[in-house]
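The values are calculated or read from the model by the stated rules, or taken from the named source; none is laboratory data. Owing to the predicted nature of the structure, the values given are computational and were not obtained by experimental measurement. All Cβ positions, glycine included, derive from the backbone under ideal geometry; neighbour counts span all protein chains shown.
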Amino acid sequence: MSFLHDLFVWFNDPLNWQGENGIVHRLIEHLVLVGSAMAISLVIAVPLGVLLGRSRRKGSIAVNVANIGRAIPSFAVIALGVIWLGIGFRPALIAMVLLAVPPIFTLTFTAIREVDSATIDSARGMGMTEATLLRRVQLPIARPLMLNGIRLSSAAVIATATLAALVGWGGLGRFIIDGFSTRDFVEVFAGVVLVAALVLISEATFALLARLTVSPGLTDRGPSRRERRLRRSGVEGAAAA
Amino acid sequence: MVLPGSILAQVDQPLIRWPWIGDHLALIGAALLQHLMLTFIAVGIGFALSMVMAVIAIRFHVSYAPINAVTGVMYAIPSLALFILLTPITGLTTLTAEIALISYTLQILFRSIVAGIDGVPAPVVESARGMGFTPSKRFLRIELPLALPVIISGLRIATVTTVGLVPIAGLLGRDQGGLGQLIFDGLNRFFNTPLLLGAVLTVALAVTLDLTLVGLQRVLTPWTRRGAAAA
């Protein structure tokens, strides 16, 4: 219990929130790294996944990319990056992008590929252009799986971005490393709590985003309250409309 | 460990000083061997623990969710922190590194073993029962072999992940972390040669072990290859 008490005291100390070593500054550094890595990864992986998912080529590309992606050890990439880019933000950014791209790409690719060909045929039959087909049919149907890939990447990057503290960039990993060098394990644990909180916020955000943006026709939530009310009062046509 | 923030790239040195490698072959070999040992022990013990947990989860279905949750939490702790958080209890030792590495393999291996055995077609299990296989014999001779492709794909992920995490254990001291010794040495002295060598060998080791497991799967499950050729 005394450890939890110490942790509470640590978080309650205003000095731990202010200045260059404060929570606010370290949190911003962490978010800058995670945000830049995720933005770059989205720009690379989503269009590529959509493009290759739509083309009728062999599906083994995604599997291979996923396997290569998993085999890349983030810390080794950061170390290699230091050689060419020096210590700091950039080697960490490269490693985080390499970590984030494979899940986003694979799930985007799979999601677009798995859209039922009968659905696509009927959309074409209705006279949709390729652009409309993508925007109105393929992307909405693929969205839940795509969001899942982005969610996985985001959680992995938030946790792994702590490694940036080993090569001179700040972020929440700083608390873990600095606490370790001074044998202040309350500070180490505070760092872990902050990272875990950030991961949970990211998970909750994506869950909310999925609820808000995924078409109701794709969920198993069933008919809406309005539809049920209409059906009960026997207005079948209105419910269908 | 603490790096001065103002020093930039190591521009005024060659990428690799070949004589350094020649002079330190014993050190490099020892680091590589330690890396392999840490990986094998972690994946081996992790696999044994996961197998026990998977058998429990399959026998008693209610236990699946709690086991999955606990291993999931272990997997979610940042690797950097896990090595450090254990040091008040187990010190700056190989044991600390090993416990952290094992705890990372559990989620991956547990889920893949359960998924593999769950994926065995029910009619196959039924016929085995009809042929008079006892439950333990059925598990060892029918369910486990048929689950092998999924289990080995889990082993591949666990192995590759562990190889990538071992270097971070170099935080625990100069003689820890396998090839991470070289990486940390390079980072601390701004010396490219060990840095590059440590990182490149780590990646090469991950790829080699991954390919080895692919080969192992081909040898152990020849029927999957024949099936693929027929299809």
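Summed over the stretch B:77-96, residues that are within 14 Å of chain A (Cβ to nearest Cβ), buried (at least 17 other Cβ atoms within 10 Å of the Cβ) and part of a helix (DSSP H, G or I) total 9. The set of residues in the stretch A:117-151 being within 27 Å of A:Leu208 (Cβ to Cβ) and without any contact (Cβ under 8 Å) to a residue 12 or more places away in the chain consists of A:Arg135 alone. In the stretch B:155-190, of all residues being surrounded by fewer than 22 Cβ atoms within 10 Å (Cβ to Cβ) and more than 10 Å from chain A (Cβ to nearest Cβ), the one that is farthest from B:Gly119 (Cα to Cα) corresponds to B:Arg189.
Within the stretch B:48-57, the set of residues being buried (at least 18 other Cβ atoms within 10 Å of the Cβ) and under 16 Å from the mean Cα position of the chain (by Cα) comprises just one member, B:Ser50. The set of residues in the stretch A:1-16 being closer than 15 Å to A:Val192 by Cβ and part of a loop (DSSP other than H, G, I, E, B) is empty.
If I go through the stretch A:54-76 residue by residue, how many of them are more than 20 Å from the chain's Cα centre (by Cα) and modelled with pLDDT of 85 or more? Matching residues across the stretch A:54-76 total 2. Per this entry, B:Ile45 is counted among residues that are modelled with pLDDT of 95 or more, surrounded by 14 or more Cβ atoms within 10 Å (Cβ to Cβ), over 29 Å from A:Ser181 (Cα atoms) and more than 14 Å from every other protein chain (Cβ to nearest Cβ).
Quick check on the stretch B:183-202. Is at least one of its residues basic (Lys, Arg), outside any helix (DSSP H, G or I) and under 28 Å from A:Ala159 (Cα atoms)? For the stretch B:183-202, residues basic (Lys, Arg), outside any helix (DSSP H, G or I) and under 28 Å from A:Ala159 (Cα atoms): absent. Quick check: is even one residue across the stretch A:54-72 in contact (Cβ under 8 Å) with a residue 40 or more places away in the chain, closer than 22 Å to A:Leu198 by Cβ and assigned to a helix (DSSP H, G or I)? No, the conditions are met nowhere in the stretch A:54-72.
Which residue out of A:Arg174, A:Arg183, A:Arg151, A:Arg136 is of a type in the set (Lys, Arg) and in contact with a Phe, Trp or Tyr (Cβ under 6 Å, 6 or more places away or on another chain)? A:Arg151 is the lone residue from the list that is of a type in the set (Lys, Arg) and in contact with a Phe, Trp or Tyr (Cβ under 6 Å, 6 or more places away or on another chain).
Of the residues making up the stretch A:35-60, those that are closer than 24 Å to A:Ala155 by Cα and touching a Leu at 6+ places or on another chain (Cβ under 8 Å) are A:Ser36, A:Ala37, A:Ile40, A:Gly49, A:Val50.
Restricting attention to the stretch A:73-89, the residues that are outside any helix (DSSP H, G or I) and surrounded by fewer than 24 Cβ atoms within 10 Å (Cβ to Cβ) total 2.
Checked against the criterion of being closer than 30 Å to B:Leu211 by Cβ and part of a loop (DSSP other than H, G, I, E, B), the candidates B:Val150, B:Val114, B:Val160, B:Val120 yield just one match: B:Val120. Going by what's in this entry, would B:Phe60 be described as over 24 Å from the mean Cα position of the chain (by Cα) and more than 14 Å from every other protein chain (Cβ to nearest Cβ)? When the stated conditions are applied, B:Phe60 passes them. Is it true that A:Gly19 is modelled with pLDDT under 90 and part of a helix (DSSP H, G or I)? Considered against the rule, which asks whether it is modelled with pLDDT under 90 and part of a helix (DSSP H, G or I), A:Gly19 comes out as no.
Filter the stretch B:67-76 for residues that are touching a helix residue (DSSP H, G or I) at 6+ places or on another chain (Cβ under 9 Å) and more than 10 Å from chain A (Cβ to nearest Cβ); which is surrounded by the fewest Cβ atoms within 10 Å (Cβ to Cβ)? Looking at the filtered set, the residue picked out is B:Gly72.
Among the helices (runs of 4 or more DSSP H) confined to the stretch A:90-182, the ones with at least 2 residues that are more than 14 Å from chain B (Cβ to nearest Cβ), crowded, with 23+ Cβ neighbours inside 10 Å and modelled with pLDDT of 90 or more are located at A:139-160.
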